[in-house]
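Step one of this worksheet: look at the structure below.
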Amino acid sequence: MLRELHPQYHVKGPKRFAESIKFIRDKLGITPFTPGELMSISHRYQQDLINGISKGADSSLAMYDTRLPSVDREKLPVGKKVLVIEIGGTNIRAASVINSEQGLEIEKKEGEELFIKKGLKRKVYSDADDFLNEVFNFLDPVISKVHPDTLSVIWSFPGEPQISEDGISVDIKSTEELTKGFVIPGISMIPIGKKILGLLNNRYQLKENIPLAVMNDTRAAEGGIIGSGFNLAFGKYNSESGGFDKISDFIPYAYRQVDEMSANPGKQLAEKHISGDYLGLLLKVVASELEKSGLLTQKIMHDKSEFFSRLLKVALDKNIAYEYLNPYMVATLMYLARQAIVRSAQLAGTMIGTGIATFKNDYFPNWNENRKRDYKMDYILEGSIVEKVPGYLSLVNQYANEVSEQWRIKINVRSVENAGIFGAAAAALDIYRRNTDLTGMI
């Protein structure tokens, strides 16, 4: 295949390719998890999930109860609008969602959807105002055009959900220790929803006492996120699964280097195996090690996870070219991408299958181990890795079901476009409905 892609492929290529593959596999340790390792990880993750709920026991998982009830979308008020703001690390979004007669949809104005997605340029801020005002500056083209009945915030950082004083709105008390390399001093001073609402009112004069729903991205999507970060939700629990650290026995050299180079060594170990931010860092580590070993004579000018997805598409699209890379290096990086992606999907799938099995009685209230037919359910995943990496979702499906089939549970792991946006809107409209029922307001 490489000869077809690159006619200039020369005789030294195969030998150097073989040496590089051996180096990546044996020295750097980038190989798939073994079945025994995955079984051990599953047992440890299940114990961490159980301990996380009890709070008093040792667990690397925060296991927050989202405090948001299940939503019956058939009961949501028709014609009402929600401003949804998602702060998912460097990726931020805003949308106006309206509940029409046909269901939830993104509002259109002058033929254009009121939806915007942007990327933040930095991760270190002087304080919470500095951070949130930059977010609003990027999202202003949508926020400035929306006149919402309720507000929903997707806050993709750790935090403890809280019921507001009126017993209606749900907010999150953030932690000072953020994930994804962010530094925002003072972000934990007041609940994040209250802070956002105050700044929005100053800038856009929203309705007074507007109902508020703040939740993690996994609760919004009612599943999991595998993008720049990684997290999973199971039922009402946000597990903060990126922080799962009971895999330290199975971390090979290259991933230990990624951990040491990160902003938070020793923490978020599962996330460092799975998420896009750290796959990019892994590419940088491997390139450095290959260069030191004399196997790489060209600089790799990419250190982002998007490069992995491009490499995996080479086999599917012969028109993709890398002008500055020689053929053997393309082949080497394709091998690296496949191994890293398989390892990521193995771990994510094993954790999903384990989580669903652990909370099987919540998903299936009448669960009976003697039932002859399989229990079936969907599990939603969102995020750039799921959406852009060829074959990733099917691998996650495979490894999730290898765990869950022991309990006769068949999982359909699938991706739904804007699942988080619509899930967050539904939660906010449900709070609006409950508010109306309690106060008699329309």
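Here, each number is a calculation from the coordinates, and none is a lab measurement. Source: prediction; values computed, not measured. Positions of Cβ are generated from backbone atoms using ideal geometry, with glycine treated the same way; all protein chains shown enter the neighbour counts.
Between E291 and E110, what FRET efficiency follows from the Cβ-Cβ distance if R0 is 41 Å, with the result rounded to 0.05? With a Förster radius of 41 Å, E is 0.20. Find out how many positive minus negative residues lie around K236, taking Lys and Arg as positive, Asp and Glu as negative, among other residues whose Cβ is under 11 Å from that of K236. That sum, taken over residues with Cβ under 11 Å, equals -1. Enter the Cα centre distance for the pair region 15-92 and region 120-184, rounded to the nearest angstrom. The two parts, judged by their Cα centres, are 21 Å apart. Please report the net charge: other residues with Cβ closer than 9 Å to the Cβ of D245, K and R +1, D and E -1. Residues close to D245 contribute a combined charge of +1. Full extension of the chain between N264 and A57 gives 72.2 nm of extra length, using 0.36 nm per residue less the Cα-Cα distance. If the chain linking D362 and T175 were pulled fully straight, counting 0.36 nm for each residue of separation and taking away their Cα-Cα distance, it would gain 64.5 nm. For region 243-260, the residues whose amide N sits under 12 Å from a probe point set 7 Å from the Cα of T34 along the beta carbon direction are 250. In terms of distances greater than 23 angstrom between alpha carbons, the cross-link table entries K246/K284; K246/K272; K272/K360 yield K246/K284; K272/K360.
Computed from the alpha carbon atoms alone, the convex hull of region 67-215 holds 115 Å³ per residue.
Exposed loop positions in the chain were taken to be GluC sites (Glu not before Pro) whose DSSP state is not H, G, I, E or B and which have at most 14 other beta-carbon atoms within 10 angstrom. Between these positions, the longest stretch is 209-322. Could you work out the local net charge near R44, counting Lys and Arg as +1, Asp and Glu as -1, over the other residues with Cβ closer than 15 Å to its Cβ? My count for the surroundings of R44 gives -4.
Between K207 and E405, the contour length at 0.36 nm per residue exceeds the alpha carbon distance by 66.3 nm.
Tell me, which longest segment in the chain has none of the trypsin sites (Lys or Arg not before Pro) that fall in DSSP loops with at most 12 further Cβ atoms within 10 Å? The longest such stretch corresponds to 208-298.
Between F234, F364, F250, the Gaussian network model of the chain with springs among Cα atoms under 10 angstrom shows the greatest mean-square fluctuation at F364.
Relative to the longest principal axis of the Cα atoms of the chain, the long axis of helix 128-143 lies at roughly 80 degrees.
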